[in-house]
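The values are calculated or read from the model by the stated rules, or taken from the named source; none is laboratory data. These figures come from a predicted structure and were not determined experimentally. Every residue, glycine among them, receives a Cβ derived from its backbone with ideal geometry; neighbour counts consider all protein chains shown. For accessibility, only protein heavy atoms count, side chains too; no ligands or nucleic acids. Shrake-Rupley method; radii C 1.70, N 1.55, O 1.52, S 1.80 Å.
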Amino acid sequence: MDIATPIPAFGPLAPDLQLDAQGRLRHLLTIEGLSRALLMELLDTAASFAGVNEKAVKKVPLLRGKTVLNLFFEASTRTRTTFELAAKRLSADVLNINIGTSSAVKGESLLDTLRNLEAMQVDMFVVRHAESGAAHFIARHVAPHVSVLNAGDGRHAHPTQALLDVFTIRRHKPDFSSLCVAIVGDILHSRVARSQIHALNILGTGEVRVVAPRSLLPASVECLGVRVFEDIRQGLKDADVIITLRLQRERMDSGLLPSEQEFYQHWGLSAERLALAKPDCMVMHPGPVNRGVEIDSCVADGPQSVILEQVTNGIAVRMAVMSLIMGSMAGGEA
Ligand code: CP
């Protein structure tokens, strides 16, 4: 773990936990430490599922008889629904636990909740939690036949978001070594940015930039393998891909920023600023978008935006992750 990685609330992060003795995916907790070969296998598998998603009957039987449980302790639109769709398209049974109406509100501990759900013969937990390290904690405690997929933990990691982002980039611009990717906005509180930086570096991206005011950059962010720009005009210049991030106020100490209007004025992606990048620059955003704060509506909805394509690609990418993990658990057969 490096200094730019947040301290987990749930005990140590152990990247090796997610691989089995043969180096295959057992859980997906973080992009950090994955090999380029494994990343490429995930992206290639997702490409084959993108074809399934364009057919009239969008279903394959790979996870028939398996049960996937969405365990979201934090709000989500895209991740929860695309995980559900992905599991259903693989023919799994899918359960969604509403934590707000579960017995967690009566004081049941996370481990007790887990033990009870495991007793229902669940095969895979998809976990989102506000605390960094929550998915690792659950992975350390599940039965040997159960897998855990991190759907976003605190500021730490959002691995499937990063996978769908690089999948989307690859569909438009397949040679990562020639690309300059600028990640703009609230890097400090962003699990998405951390996972994207790891994925882009593993894939050999020519230059990965973070573009933000110093107050929204983690200390020693350079050690993640990025170039830091505290001037937005320089940071966007000649970029091939711009990824904008929202201000994550739910993870922010008060007083970090004067106002949303001021943030837009200095750091928002306007049409004028987008013109500093390459003419065919892709505009990306993991969502949810705060229009007029980190991005202008005319850019978010404009011809260079692939924001909704990212959402669509999330289904194929999540199908790929689930099928490869189930294949590893079955000893090589999906
Ligand atoms: N990108 C993302 O994680 O969106 P949701 O919070 O809606 O899942």
Multiply the residue separation of LEU308 and HIS141 by 0.36 nm, subtract the distance between their alpha-carbon atoms, and state the gained length in nm to one decimal.
56.5 nm
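Keeping every protein chain present and rolling a 1.4 Å probe, give me the accessible area per residue for the chain in Å². Each step should come with its number before you reach the end.
Numbers: 13520 Å² over 334 residues.
For the chain, the per-residue accessible area is 40 Å².
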Point-to-point label distance, ARG64-ASN116, nm (Cα→Cβ direction, 7 Å offset)
3.3
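If you build the Cα gyration tensor of the stretch 159-307 and take the root of 5 times each eigenvalue, what three semi-axes come out, in whole angstrom, biggest first?
Working: eigenvalues 90, 63, 39 Å².
Taking √(5λ) for each Cα gyration eigenvalue gives 21, 18, 14 Å.
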So what are the ³J(HN,Hα) numbers for the stretch 213-222, from phi and the Karplus equation (6.51, -1.76, 1.60; θ = phi - 60°), rounded to whole Hz, Gly and Pro as x?
x, 3, 5, 10, 10, x, 4, 6, 4, 4
Percent of Cα-Cα pairs per 10 Å bin, from 0 to the last occupied bin, for the stretch 224-284, please list those.
19, 47, 30, 4
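For SER270 and VAL57, FRET efficiency with R0 = 41 Å and r from the beta-carbon atoms, rounded to 0.05? Before the final figure, lay out each step's value.
On the way: r = 43 Å, r/R0 = 1.06.
About 0.40, to the nearest 0.05.
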Roughly to the nearest percent, how much of the accessible area of the chain is carbon and sulfur, given a 1.4 Å probe?
52
Work out how far the C-alpha atoms of the stretch 104-198 reach from end to end along every principal axis, then list the three figures in whole Å, largest first.
50, 28, 18
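Among bridges DSSP assigns within the chain, what percent are antiparallel (round to 5)?
Numbers: 2 of 37 bridges.
If we restrict to bridges inside the chain, about 5 percent are antiparallel.
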A correct Karplus calculation of ³J(HN,Hα) over the stretch 76-88, with 6.51 cos²θ - 1.76 cosθ + 1.60, θ = phi - 60°, whole Hz and x for Gly and Pro, returns 6, 10, 5, 5, 5, 6, 6, 5, 5, 4, 4, 5, 5
Which order do the peptides 159-167, 25-33 take when ranked by the mean count of other beta-carbon atoms within 10 Å per residue, highest first?
159-167, 25-33
Where only alpha carbons of the stretch 274-334 are counted, the Rg and the Dmax (Å)
17.0, 50
Quick check: residue separation of SER177 and ALA47 times 0.36 nm, minus the Cα distance between them. What number comes out in nm?
44.8 nm
Can you run phi through the Karplus equation (6.51, -1.76, 1.60; θ = phi - 60°) for the stretch 238-251 and list ³J(HN,Hα) in whole Hz, with x for Gly and Pro?
6, 5, 8, 9, 10, 10, 9, 10, 7, 6, 8, 4, 5, 10
Ratio of the Cα radius of gyration of the stretch 1-154 to 2.2 N^0.38 Å, where N counts its residues:
1.07
Lysine pair count for the chain [Cα-Cα under 29 Å; pairs on different chains or 8 or more apart]:
12
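How large is the helix-only mean residue ellipticity at 222 nm for the chain, computed as the sum of -39500 (n - 2.57) over DSSP H runs with n ≥ 4, divided by its residue count, in deg cm²/dmol to the nearest 500?
-10500 deg cm²/dmol
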Over the Cα atoms of the stretch 5-92 the radius of gyration and the largest Cα-Cα distance (Dmax), both in Å, equal 15.4, 46
What list of whole percents do you get for P(r) of the chain, with Cα-Cα distances grouped in 20 Å bins up to the one holding the largest distance?
33, 58, 9
